[in-house]
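Undergrad: The structure's right below; bear with me while I get my questions together.
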Amino acid sequence: MGKFVKWPKLLLKAGLALLLTTVLPFTTAFGNLPKNEKPSPPVALRVLDGSLTSNELTLIWEKPDNYQDITDFKIVVRGPGYYHEYFASDNPTVANQNYIKLFYEQHIGDLKNDEGKVIREAYKILMHSFYVKGLKPNTEYVFSVQSVGKNGELSVPATITYRTRPTIPASNIINIESMGAIGDGTLADDINGTPSSGTLNTEAIQRAIDACPPGGIVLVPAGKIYLTGPITLHSNMTLLVEGTLLGTVDANQYPNPFDTDKTRIAEKSMPLVSTPSTGTYENIKIIGHGVINGNGWAKVAVKETSIPLGTTFDQYQKGNSSNIFTTAKNHLALNQFNKYIEQGEKNAYATRSNLIDLKNVTNVYIGDGLTVTNPSYHTISCSNCKNVILNQLIASTYDCNNGDGIDFNGTGLIVVNSVFNTGDDSVNFEAGVGLAGEKNPPTENAWIFNNYFGRGHGVVAMGSHTAAWIQNILAEDNVINGNAVGLRGKSQSGNGGGARNIIFRDSALANITDNDGSPFLLTVAYSSAPPTDLSNWAPDEPTFHDILIKNCTVNGTKKYAILIQGSPDGYDYNLTFDNIYFGAGTYQTKMAYLKNCTFNNVVFYGSTPNYDGNKKSSSKSLVCYKC
């Protein structure tokens, strides 16, 4: 697989710590430069780390400062006997072709007034990524990208040259069947009450992983289901899943600290796919067109169809510790709960396994068509990791309890061209709890763009573990349809820290009706448990500050258009809402304990029902225009 490209140095701009690979596009955050006759060219064109193979790659680039007149980007690829022209709006990813394009074609995000007349179309996102396939191994190609103006005029090109990788020798590809794996697994039939079955392949798959040389591939063949218990990855390898890895429901296959130490309660059992809990690791890829299925919960009889698109997602039973006996019957979540019930219901419920759990890893790449689904607990957890990329990942976990798409703690995250339909937060950031957590490095530097977000409790979620600060996040050019919150900040007294230097912009939101149902939500009154040890209680109230929300349309909410709950002991501050448009029927805002905040061109098309009081009286220095 080779080394990943290093992240460039951070850049400071407009009071924000700029981040991530080759200067993320925060330069446009607080206004546009004067218009030019021709559109400005793309910025920092490069190949996405980890995406380069012998026959394909993903290009990414940043929007220029004055991008307001850009309608698309033109891509030209040249090589020996090869010439192709593309437009980024036709990006051949599952996110764009199957979801984003349909969202716009069906006018799902268009805003209407009280009479049902369309007043404003949904914000049209810009694709600034492109998946290039059909290339030849070990061949040099020239890639050029030009901005396209409103009248079709083209900018000067941004150009790079890359050579595809050589074909991987067959000796470096280890098929798990060569180590004895048998693909005879079957999925559970939850309608008729039949559990999953098959030969347990844990040892055979682990032998293949252990035998994988540096830069090698462990192949899970297409067309078959391989039942397995927990497997452990190592550095400098690729797990290529073309078939299905199905987690066994046998709780005895997932070790738990309680098994050998009865004082260790409420700790998660071993994940299905992980790195060892000690040591440091690097250069791990989990990719393929197959499925990693945690077998956590039972499916519902009918797939999720309440949000129209013409496509559907699997839907799982909405479970909790009270109804788990029916919602996870014949599945792992119930079996793990039952195994550790002597700890008490609440603690036993906390022993469920994550699907993928990576600790202390530098350079992680997950996706390329991979589907991750039905975890017993969380889906992907990256703790103390650096340079993590999700590209063309499908996270389908709705309505698995605690089924976050990814929980990230570390430095450097890119999420692009992916699809999320989750049972909890889609992309969640964590930074520890209390005084102990405040001693750790911040969780920082993320770029989230060109994705489709369906169901979930929050698209970009910050907290509730906020102690060491969550900072430097740019989320832009995403389509959100059916989620609970676009930007979600959550913490509470005792946790400490907060979130800062956040930009959420240039996105279309619709049907914000899941769970909380508020497009923009920042609260320090989150209901999860604070640190139970008072000696770990952080004395300063968590806060959210220096946050920009810009250029968004919102069609349909369940609760408040904007919900901000600061604290009298720690006001939220420097929050800016700029060019935000809400369709008819949106509930009023509810905001308390803010200062130095700006609301510019926040527009409601139609009546704004009062959800339960709309209190602004506790806010200080609140500047508000047209809202």
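Coordinate-derived values only; no laboratory data. Worth saying up front: this structure is predicted, and the values here are computed from it rather than measured. Here Cβ is always computed from backbone atoms with ideal geometry, including for glycine, and neighbour counts include all displayed protein chains.
Undergrad: Wrap a convex hull around the Cα atoms of the chain, take a quarter of its surface area, and give that in square nanometres.
TA: Working: hull surface 110.2 nm².
Averaged projected area of the chain's Cα convex hull equals 27.6 nm².
Undergrad: Extending each Cα 7 Å along its Cβ direction at D250 and E153, get the distance between those two points in nm, one decimal.
TA: According to this spin-label approximation, the distance is 6.9 nm.
Undergrad: Right, here's the next one. Suppose every K and R has +1 on its Cβ and every D and E has -1 on its Cβ; what is the size of the dipole of the chain about the Cα centre, in Debye to the nearest 20? Intermediate results must be reported in sequence, preceding the final value.
TA: Numbers: 50 positive and 55 negative charges, 195 e Å.
The dipole magnitude comes to about 940 debye.
Undergrad: Determine, from the Cβ-Cβ distance of S535 and E345 and an R0 of 41 Å, the FRET efficiency 1/(1 + (r/R0)^6), rounded to the nearest 0.05. Provide the component values of the computation, followed by the final result.
TA: Details: r = 27 Å, r/R0 = 0.67.
Efficiency, from the Cβ-Cβ distance: 0.90.
Undergrad: Another question about this same structure. Along the charge dipole of the chain, pointing to its positive end and built from +1/-1 on Cβ of Lys, Arg, Asp and Glu, which listed residue (A251, L390, Y123) has its Cα farthest out?
TA: Toward the positive end, the furthest listed residue is Y123.
Undergrad: Turning to a different aspect of this structure: Mind checking which of T167, L370, P442 is farthest towards the positive end of the chain's charge dipole, using Cβ charges of +1 (Lys, Arg) and -1 (Asp, Glu) about the Cα centre?
TA: P442
Undergrad: Still on this structure, please answer the following. Mind ordering 438-449, 315-326 by average Cβ neighbours within 10 Å, highest first?
TA: On the way: 438-449: 21.5, 315-326: 17.1.
With the highest mean Cβ count within 10 Å placed first, the list reads 438-449, 315-326.
Undergrad: Right, something else. Quick check for me: using +1 on Lys/Arg Cβ and -1 on Asp/Glu Cβ, what's the dipole size of region 358-444 about its Cα centre, in debye to the nearest 20?
TA: 300 debye
Undergrad: Let me ask you something else. Find which of P531, T379, I564 sits farthest along the positive direction of the dipole of region 170-625, computed with +1 on the beta-carbon of Lys and Arg, -1 on that of Asp and Glu, about the Cα centre.
TA: Result: I564.
Undergrad: Sorted from fewest to most neighbouring beta carbons within 10 Å, what does the list S129, S426 look like?
TA: S129, S426
Undergrad: Under a crude label model (7 Å from the Cα following the beta-carbon direction), how far is S54 from T194 in nanometres?
TA: Once both label points are built, they end up 4.0 nm from each other.
Undergrad: Taking the Cβ of G583 as the center, what net charge do the other residues with Cβ under 14 Å away carry, scoring Lys and Arg +1 and Asp and Glu -1?
TA: 0
Undergrad: Once R0 is set to 60 Å, what does the formula 1/(1 + (r/R0)^6) return for the Cβ-Cβ distance between T232 and E121, expressed as a FRET efficiency to the nearest 0.05? Please list the in-between numbers first.
TA: Working: r = 49 Å, r/R0 = 0.82.
The value I calculate is 0.75.
Undergrad: Just to compare against my own numbers: the Cα pair-distance distribution for region 118-222, 10 Å bins, whole % per bin, please.
TA: In order of increasing distance, the bins hold 11, 21, 19, 19, 19, 11, 0 percent.
Undergrad: Considering amide H positions built from the backbone, and no H for Pro or chain starts, which residues 5 or more places from L370, or on another chain, come under 5 Å of its amide H?
TA: Those lying under 5 Å, H to H, from L370 are G288, I394.
Undergrad: Given region 39-115, report the % of alpha carbon pairs whose separation exceeds 21 Å. Could the numbers behind the result be given before it?
TA: On the way: 1343 of 2926 pairs.
Of all Cα-Cα pairs in region 39-115, 46 percent lie more than 21 Å apart.
Undergrad: Taking the Cβ-Cβ separation of T186 and E37 as r and a Förster radius of 51 Å, what is the calculated FRET efficiency to the nearest 0.05?
TA: It comes out at approximately 0.20.
Undergrad: Quick check on the chain: of the DSSP beta bridges with both residues there, what percent are antiparallel, nearest 5%?
TA: Just about 25 percent of them are antiparallel.
Undergrad: Sorted by packing (mean other beta-carbon atoms within 10 Å per residue), highest first, where do 108-114, 416-422 land?
TA: 416-422, 108-114
Undergrad: Under 20 Å from a label point 7 Å along Cα→Cβ of A266: give me every residue in region 343-375 with its amide N that close.
TA: Backbone N within reach: 343-354.
Undergrad: Step through the table entries K303/K550; K490/K595; K38/K124; K386/K595, compare each Cα-Cα distance with 29 Å, and write down the pairs that go over it.
TA: K303/K550; K386/K595
Undergrad: How far, in nm, would the chain grow between S321 and E203 when pulled straight, counting 0.36 nm per residue and subtracting the alpha carbon separation? Could you put the intermediate results ahead of the total?
TA: Details: separation 118, 0.36 × 118 = 42.48 nm, distance 3.17 nm.
Extra length from S321 to E203 when fully extended: 39.3 nm.
Undergrad: Right, something else. Place the peptides 253-259, 456-462 in order of packing, highest mean first, counting for every residue the other Cβ atoms within 10 Å and averaging per peptide. Could you put the intermediate results ahead of the total?
TA: Working: 253-259: 18.1, 456-462: 27.9.
Per-residue mean Cβ counts within 10 Å order the peptides as 456-462, 253-259.
Undergrad: In Å, what Kirkwood hydrodynamic radius results for region 379-522 from the alpha-carbon pair distances?
TA: 14.5 Å
Undergrad: Next question, about the same structure. At what distance in angstrom do the alpha carbon centres of region 307-369 and region 543-573 lie from each other?
TA: 30 Å
Undergrad: Let me ask something else. Would you mind calculating the gained length between A301 and N113 on full extension (0.36 nm times residue separation, minus the Cα-Cα distance), in nm to one decimal?
TA: 64.0 nm
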